[in-house]
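J.: Here's a structure for you.
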């Protein structure tokens, strides 16, 4: 069986020319993984849009209806940073559905990866930082309330703090939020995760990887989660436009392998979500995001062996 990967052809709707959000990276990531032979298009799992009732586990119904209908104020759209369109609204529901599907596949097979996801700045009743609905919080609430799992641990390695996730899940005792981020970066006003690990600007491979290992060696035995949601943001890369950390390609690969191995060696299912990444060279950015899937595929082969 091939590594379970989730993608939808509608993940890259057009944005206005010159927009800073790299919406085409999702399509380019799929193309890259197919071109290098890691997967074939017909093997990718295609999600359905996330139903409103499941979104409402983590978001205010009025906000869900307002966004899906396009009834957003100018201030709300400014805070989001993306223009509204029917295609983007559909893409948003599909992407949350994709993260849910990836989580279900991870529970069934031990490991799965999404070619999108990690929208950790979305809050209960508003969008922020290119994030509309918070797939991490939605997955956590859905899996817990459906009784699929007893405890979820979110290991967020995006360079920006997962403020929306922290606030939505603040009162959910069995959803453990861990944010490993650059301290001097967006958002200016940090939320309170269960575990916040703020790193100084310029942190490189060796120091970063030590923190990853130390953190997981402590937290996974402490909480013994039934699933780990891994936000594998590549905006920690030294060439990222919005990052301020200094990881190399090799550092990203070592991080991804370390996180996945820490989980799998403890028989904890893990789902990989791509998180943030920003580069004018969109093809280079897609390859950077693909490091997660290459790392996962190597470990998957070990699991199957």
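Where a number appears in this text, it was derived from the coordinates with a stated rule and is not lab data. What you see is a predicted model, and the numbers here were worked out from it, not measured in a lab. Cβ coordinates were reconstructed from backbone atoms using ideal geometry, including for glycine residues, and neighbour counts include every protein chain displayed.
J.: What's the ranking of 94-104, 11-21 by average number of surrounding C-beta atoms within 10 Å, highest first?
T.: Numbers: 94-104: 25.6, 11-21: 12.8.
So the order, starting with the most tightly packed, is 94-104, 11-21.
J.: Also, I was wondering about something else. Sequence gap at least 6, Cα distance under 8 Å: using those rules, report the relative contact order of the chain to the nearest whole percent.
T.: Numbers: 633 pairs, mean separation 59.7, N = 305.
For the chain, the relative contact order is 20 percent.
J.: Add -39500 (n - 2.57) for each DSSP H run of 4 or more in the chain, then divide by its residues: what number comes out at 222 nm, to the nearest 500 deg cm²/dmol? Walk me through the numbers on the way to the answer.
T.: Numbers: 10 runs with 130 residues, N = 305.
Rounded to the nearest 500, it is -13500 deg cm²/dmol.
J.: Looking at the stretch 127-283 only, what percent of DSSP beta bridges run antiparallel? Nearest 5 please.
T.: Numbers: 1 of 21 bridges.
If I count the DSSP bridges inside the stretch 127-283, around 5 percent turn out antiparallel.
J.: I want the antiparallel fraction of DSSP beta bridges within the stretch 5-304, as a percent rounded to 5.
T.: Values: 1 of 27 bridges.
Once the DSSP bridges in the stretch 5-304 are tallied, antiparallel ones form about 5 percent.
J.: Output the relative contact order of the stretch 77-197, whole-number percent, from Cα pairs under 8 angstrom with separation of 6+ residues.
T.: Details: 202 pairs, mean separation 24.2, N = 121.
Computed over the stretch 77-197, the figure is 20 percent.
J.: A further question follows. Report the label-to-label distance for residue 265 and residue 146 in nanometres (one decimal), using points 7 Å from each Cα along the Cα→Cβ vector.
T.: 3.1 nm
J.: With N residues in the stretch 5-304, what two-decimal value do you get for its Cα radius of gyration over 2.2 N^0.38 Å?
T.: Numbers: Rg = 17.3 Å, N = 300, 2.2 N^0.38 = 19.2 Å.
Against the compact-globule rule of thumb, the ratio is 0.90.
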